[in-house]
Amino acid sequence: MRFRTLDQARDLSGRRALVRVDFNVPMAEGRVSDDTRLRAALPTIRWLTERGAKVALLAHFDRPKGKRVDSMSLKPVVAPLSALLGRPVAWSDDCVGPEAEATVNGLEPGGVALLENLRFHAGEEANDEGFARQLAALGDLYVDDAFSAAHRAHASTEAVAHLLPAYAGLSMQRELEALDAALGSPKRPVIGIVGGSKVSTKLDLLKNLVTKLDKLAIGGGMANTFLYAQGHDVGASYCETELAETARDIIRLAGRNNCKLFLPLDIVVAEKMAPGAPARVRGLGEVDEHERILDAGPETVARLKRAMDNSATLIWNGPLGVFEMPPFDAATVEAARHAAALAKAGRLIAVAGGGDTVAALHHAGVAGDFTFVSTAGGAFLEWMEGKALPGVDALKG
Ligand code: ADP
Ligand code: MG
């Protein structure tokens, strides 16, 4: 995967860098309640300011749908960001027009400004050429450090990148390199784990993965649909019976592409989906009509761990069970800890992503030991589906 990187940007001193970041941070009572995304932008901001660039930060917040909504202002980000940077951050009440131009042009070399929510303008989500020109007027170069917004063709992620010399920021670069190492040109054998609740939300993902991976383990609620499609009784489990034929298609597609599928060998069931509900291990075909499959069983996990031992790369999306309700977190936690230990020992490149997957890895206490954990949500899933990401394509060349 080729894309322009920051080290290719020359003579930055005094030049205006328009930097797209993801500051769509959790807020409570008008204050930033989790600054993870602010921290993710710091390396790129520092890299530019250390070289004397003037940094103008572009970001969206929430869904104001093209008009000014005061409660969706980015202004509450100014104070925590300047505290993290250890320098003042200038503010502009609009992201384009005279005030934005005056704010950015008035920065000292090495200065930083944050501009108001891009989505206050309808031109942003419309990928409007005229709005992109107004943004481009604020910069001499463009840097995209918001991988999580790269699946959307918006003015600040796509159109503007064609109007200025465009580069991937350091967080974007790190994410693209990690994703490429997991799926683009991975060290083989490469194994995938796909879990979560539904087959229906992950059809494209499964179809893409079976053409690229050497092995794929299917877990979570979606495994029930596969078991059902193979004629096993799944009792009162969550199951998309109407997708049985689709599941069989995926099994055939895997076969044609030499991707070895791992479906559950055994499962953990309970009569209620509730924390602490009495759990039993069952073989396939041993599920009573009142029982629900809520986790993968011990033999399934043991086989998955052996498969990881014999792989060079792991790509993981979706928990293996209802990890929010112990004891049904057991398979997810055990598999996560095994992957993390292998990654820490340098024996496995382990990459994971997805909202609940990230939560599950934190629950297992091992997110920090994975090679890379993507918090990009929708962009990560679309990338796993093999879709083109407009914000990334705009940085190629
Ligand atoms: P991600 O957000 O990482 O992409 P998903 O949203 O696809 O993951 O799936 C996560 C959800 O899947 C969790 O809420 C979990 O409880 C649920 N899940 C996992 N296994 C089962 C199961 N056997 N039955 C029902 N739901 C399940
Ligand atoms: Mg989810």
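The values are calculated or read from the model by the stated rules, or taken from the named source; none is laboratory data. From a predicted model like this one, the values you see are computed outputs, not experimental measurements. All Cβ positions, glycine included, derive from the backbone under ideal geometry; neighbour counts span all protein chains shown.
Could you please let me know if residue 343 is touching a Ser or Thr at 6+ places or on another chain (Cβ under 9 Å), over 19 Å from residue 366 (Cα atoms), among the small types (Gly, Ala, Ser) and in the same structural domain as residue 212 (by TED's automatic domain parsing)? Against the criterion (touching a Ser or Thr at 6+ places or on another chain (Cβ under 9 Å), over 19 Å from residue 366 (Cα atoms), among the small types (Gly, Ala, Ser) and in the same structural domain as residue 212 (by TED's automatic domain parsing)), residue 343 does not qualify. Give me the pairs, please: first residue somewhere in the range 107-136 and in a strand (DSSP E or B), second residue anywhere and among the basic types (Lys, Arg), beta-carbon distance under 6 Å, and either six or more positions apart or on two chains. Once the first residue is in a strand (DSSP E or B) and sits in the range 107-136, no partner that is among the basic types (Lys, Arg) comes close enough. Taking the criterion of being over 19 Å from residue 196 (Cα atoms), buried (at least 17 other Cβ atoms within 10 Å of the Cβ) and either more than 12 Å from ligand 1 (Cβ to nearest atom) or outside the structural domain of residue 216 (by TED's automatic domain parsing) (or both), the only residue of the range 283-302 that qualifies is 284. Across the range 88-114, the number of residues qualifying as surrounded by 14 or more Cβ atoms within 10 Å (Cβ to Cβ) and either among the charged types (D, E, K, R) or modelled with pLDDT under 95 (or both) comes to 4. Just to verify a result, which residue in the range 339-397, among those that are more than 14 Å from the chain's Cα centre (by Cα) and acidic (Asp, Glu), is farthest from ligand 1 (Cβ to nearest atom)? Filtering the range 339-397 for residues that are more than 14 Å from the chain's Cα centre (by Cα) and acidic (Asp, Glu), the one farthest from ligand 1 (Cβ to nearest atom) comes out as 393. Against the definition (under 17 Å from residue 59 (Cα atoms) and surrounded by fewer than 17 Cβ atoms within 10 Å (Cβ to Cβ)), how does residue 36 come out, yes or no? Yes: the conditions hold for residue 36.
Conditions tested, residue by residue: (1) more than 16 Å from ligand 1 (Cβ to nearest atom); (2) within 30 Å of residue 43 (Cα to Cα); (3) touching a Phe, Trp or Tyr at 6+ places or on another chain (Cβ under 7 Å); (4) in a loop (DSSP other than H, G, I, E, B).
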{"site": "174", "(1), (2), (3), (4)": "yes, yes, no, no"}
{"site": "177", "(1), (2), (3), (4)": "yes, yes, no, no"}
{"site": "202", "(1), (2), (3), (4)": "no, no, no, no"}
{"site": "232", "(1), (2), (3), (4)": "no, no, no, yes"}
{"site": "236", "(1), (2), (3), (4)": "no, no, no, yes"}
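For the range 358-367, the set of residues classified as part of a helix (DSSP H, G or I) and either near ligand 2 (Cβ under 10 Å from one of its atoms) or closer than 17 Å to residue 331 by Cβ (or both) consists of 358, 359, 360, 361, 362, 363, 364, listed by residue number. From the set of residues in the range 368-383 that are hydroxyl-bearing (Ser, Thr, Tyr) and closer than 12 Å to residue 315 by Cβ, which is farthest from ligand 2 (Cβ to nearest atom)? That would be 371. Taking the conditions (1) of a type in the set (A, V, I, L, M, F, W, C); (2) surrounded by fewer than 16 Cβ atoms within 10 Å (Cβ to Cβ); (3) within 23 Å of residue 200 (Cα to Cα) in turn, residue 265 satisfies each one other than (2). Look at the range 324-339: where a residue is aromatic (Phe, Trp, Tyr) and a partner is buried (at least 19 other Cβ atoms within 10 Å of the Cβ) and not in a helix (DSSP H, G or I), sitting 6+ places away or on another chain with Cβ atoms under 6 Å, you get 328/294; 328/295; 328/321; 328/322.
Of the listed requirements (1) farther than 17 Å from residue 63 by Cα; (2) within 27 Å of the chain's Cα centre (by Cα); (3) not aromatic (Phe, Trp, Tyr), residue 129 misses just one: (2). Looking at this structure, is residue 231 under 26 Å from the mean Cα position of the chain (by Cα) and on the phi > 0 side of the Ramachandran plot? Taking the combined requirement at face value, the residue does not satisfy it. Among the strands (runs of 3 or more DSSP E) confined to the range 1-106, there are none with at least 3 residues that are of a type in the set (S, T, N, Q) and free of Cβ contacts under 8 Å to residues at least 12 places away in the same chain.
Which one is surrounded by the fewest Cβ atoms within 10 Å (Cβ to Cβ), of the residues in the range 199-228 that are under 18 Å from the mean Cα position of the chain (by Cα) and within 16 Å of ligand 2 (Cβ to nearest atom)? Restricting to residues being under 18 Å from the mean Cα position of the chain (by Cα) and within 16 Å of ligand 2 (Cβ to nearest atom), the top hit is 201. The selection criterion, being away from ligand 1 (no atom under 16 Å from the Cβ) and either at pLDDT 95 or above or within 14 Å of residue 320 (Cβ to Cβ) (or both), holds for residue 210.
Scan the range 137-155 for residues that are part of a loop (DSSP other than H, G, I, E, B) and within 27 Å of the chain's Cα centre (by Cα) and jot them down. Steps first, please.
Within the range 137-155, the subset part of a loop (DSSP other than H, G, I, E, B) is 137-140, 145-146, 150-155.
Across the range 137-155, the qualifying residues are 145, 146, 150, 151, 152, 153, 154, 155.
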